[in-house]
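Down below is the structure, laid out as structure tokens.
The values are calculated or read from the model by the stated rules, or taken from the named source; none is laboratory data. Just so you know, these numbers come straight off a predicted model, no measurement behind them. Cβ: placed from backbone, ideal geometry, glycine included. Neighbour counts: every protein chain shown.
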Amino acid sequence: MSVTKTYEEINEKIKKGKVVVVTAEEVIDIAAKEGIKKAAAKVDVVTTGTFGPMCSSGAFLNFGHSKPKIKMQKVWLNGIPAYGGIAAVDAYIGATEVAEDDPCNKVHPGSFSYGGGHVIEDLVAGKPIQLETTAYGTDCYPRRKLETTITIDDLNNALLFNPRNAYQNYNVGINTTKKTIYTYMGVLKPNMCNANYSSAGQLSPLMNDPYYRTIGIGTRIFLAGGTGYVAWHGTQHSPSEERTEKGVPTGGAGTLAVMGDLKQMNSGFLRGVSILGYGASLAVGVGIPIPILNEEILEFTTVRDEEIFAPVVDYGTSYPNAEPGNLGLVSYAQLKSGKITINGKEVKTAPISSYPKARQIAETLKQWILNGKFYLTQPAQLLPSVEDDIKIKPLVIK
């Protein structure tokens, strides 16, 4: 007889303190020892985690009204431009925005940048932020300029809203040219002297639910140390038909749009990032619980690093020219070993994401559930999957 469970049954177990929760690392050994069917009957929730730079991130901020009132048109936070074209005292600050006079705006590869991601981290950490804004003035909003210092406690609302986080899989960056290049994947040395990757592999959320059977709009998640939600499928969400036998895509595939209350978050899981020669970003911690509704879902969560493959892409020639440029596939087990072999050459590897942080996120979420502080939500709508024919459409320049 097959194993079946419901969200309501699992939440009732959480309420009664009888729920069985394990991380995506722990479930691998449990299934290997007891088999898929027994493991599915035993385990109620599998927790996942990932932590790394997620450039498509930012925050909506509401500052409250000054006296007299102002309709903010141009907004700067610690010198970083924020977008004010929303409403009178609302603004959105993007993680990758940098100051107009930042050296990276002049393509200076020796620079590190302070950007929007750092402003968001500083806000969460409770640090004072310099707010400057100008306006054109109206009868109802007559003020034209404002300079003051704020903290997150002064804000009416602070909403982290990230349009594209938690890529299901991602490229391994390499450089075949004769010069060092500076990319969002980090510094890539010439002649394939290093390779950088960015994923938690077997702990990563969408690796453990490859066809999005449980993750969708309204899914409650761990977001940067607080509670957040999946708001929609992320931008560039493109479910791939190129998958391994385990169902894991061999390219980027799925992404998530996520949101949560910035005031509940922890700067230990939300860090501004400076990427040499590229600019600023934001490292975001995301953890998603996978409810074990049946044996199929349990089996998906047993995926191992040696069963997950990522494409090696040349960022020196192929990537900037929007060409596939795939130099083959390598497993995350190989990547985490510290070296891979490309075209007969041994290449050193390094992560730009943090596996220890991903493990900490999965364990923290596990404890929240075990302690009855976190309940599961059934999605209002699941994410589009391979059968829904959603693909990234390239921009055609004529």
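Specify the residue that is nearest to Ile30 (Cα to Cα); the eligible residues are those in the stretch 292-314 that are out of contact with any Lys or Arg (no Cβ under 9 Å at 6 or more places or on another chain) and of a type in the set (A, V, I, L, M).
Per the criteria, the residue is Ala310.
Comparison of Gly325, Gly279 shows that the only residue that is touching a helix residue (DSSP H, G or I) at 6+ places or on another chain (Cβ under 9 Å), at pLDDT below 95, within 17 Å of Tyr170 (Cβ to Cβ) and not charged (D, E, K, R) is Gly325. Any residue that is closer than 25 Å to Val45 by Cα and under 16 Å from the mean Cα position of the chain (by Cα) - is there at least one of those in the stretch 272-285? Scanning the stretch 272-285, I find at least one residue that is closer than 25 Å to Val45 by Cα and under 16 Å from the mean Cα position of the chain (by Cα), so the answer is yes. Restricting the first member to the stretch 6-32 and to residues that are over 21 Å from Phe300 (Cα atoms) and among the charged types (D, E, K, R), and the second to residues that are outside any strand (DSSP E or B) and modelled with pLDDT of 95 or more, the beta-carbon pairs closer than 7 Å and six or more apart or on different chains are Lys13/Val19; Lys13/Asp44; Lys15/Gly372. The set of residues from the stretch 217-259 being crowded, with 24+ Cβ neighbours inside 10 Å and closer than 21 Å to Glu121 by Cβ comprises Ile221, Phe222, Leu223, Ala224, Gly228, Leu256, Val258. The conditions of being closer than 30 Å to Ala350 by Cα and among the acidic types (Asp, Glu) are met by Asp102. Looking only at residues in the stretch 299-352 that are aliphatic (A, V, I, L, M) and in a helix (DSSP H, G or I), the one that is surrounded by the most Cβ atoms within 10 Å (Cβ to Cβ) is Leu335. Name the residue that is farthest from Tyr355 (Cα to Cα), counting only residues in the stretch 1-45 that are exposed (fewer than 13 other Cβ atoms within 10 Å of the Cβ) and among the hydroxyl-bearing types (Ser, Thr, Tyr). Here the residue is Ser2.
Can you report the number of residues in the stretch 172-215 which are of a type in the set (Val, Ile, Thr) and part of a loop (DSSP other than H, G, I, E, B)?
Within the stretch 172-215, the first condition is being of a type in the set (Val, Ile, Thr), and the residues that meet it are 172, 174, 176-177, 180-181, 183, 187, 214-215.
Adding the requirement that they be part of a loop (DSSP other than H, G, I, E, B) leaves 176-177, 180, 214-215.
Of the residues in that region, 5 qualify.
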